[in-house]
Amino acid sequence: MTNSTELAEPVLRHPLADEVRAAEAAAFEEELAPLLLPAHRLAVGMLLDRGLAEDAVQEAALRAWDRRRNRRPETQLGPWFLGIVVNRCRESRRSRWSRVLRLAEPRGGDASSPEVDTASGMDMRRALRALPENARLAVVLRYYLDLPSSEIAVLLGCSENAAKVRVSRAVAALRAAMNAPEVSR
């Protein structure tokens, strides 16, 4: 009796095909490189955890590579990739492991850390956490990434005017959350 692997045709690899794949990967990596820092900032703003944000951006980069042929030719890489990052962050927050593995946050830290409370005692992280996910996303896109309303609209899937309204309402909600007293747990 013959083994099924003996019947399978061997996969032929051509050196030219390998070179084309390598060149495509290098071009994609070069195009994606300037977007990694904004993507990380976006993920930190959404997940409020640097480690989870790094994981989300790495997974989004892999997903972008896998789905690069799905991108329409007229679509810019920036909004397309940031959309993948947003979706990956949402998936991460919905994951049951994100609820199981959530650890207590350390107090204090060095002054260069964005998690440190401001001198006036405002806790931006607490206020951001209090916002609904869509409001937090609008604030992060506008103020963490400094994106124009047109790009925010693309990422939120709405008109430019609707994006401006969402950012404005999210900022109002953020102000209210920052002024609300902290609830003991």
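Applying the criterion of being loosely packed, with under 13 Cβ neighbours inside 10 Å, of a type in the set (A, V, I, L, M) and under 14 Å from the mean Cα position of the chain (by Cα) to the residues of region 18-74, the residue that is nearest to Leu155 (Cα to Cα) is Leu37. Between Glu182, Glu160, Glu133, the distinction of being farther than 19 Å from Ala43 by Cα and at pLDDT 80 or above belongs to Glu160 only. Tallying residues that are out of contact with any helix residue (DSSP H, G or I) (no Cβ under 8 Å at 6 or more places or on another chain) and under 24 Å from Ala170 (Cα atoms) within region 33-62 yields 2. Selection of region 131-165 for residues being closer than 21 Å to Arg90 by Cα and part of a loop (DSSP other than H, G, I, E, B) yields Leu131, Pro132, Leu145, Asp146, Leu147, Gly157, Cys158.
The values are calculated or read from the model by the stated rules, or taken from the named source; none is laboratory data. Note that the structure is a prediction, hence the values are computed from the model and not measured. So basically every Cβ, Gly included, is an ideal-geometry build from the backbone, and we count neighbours across all protein chains shown.
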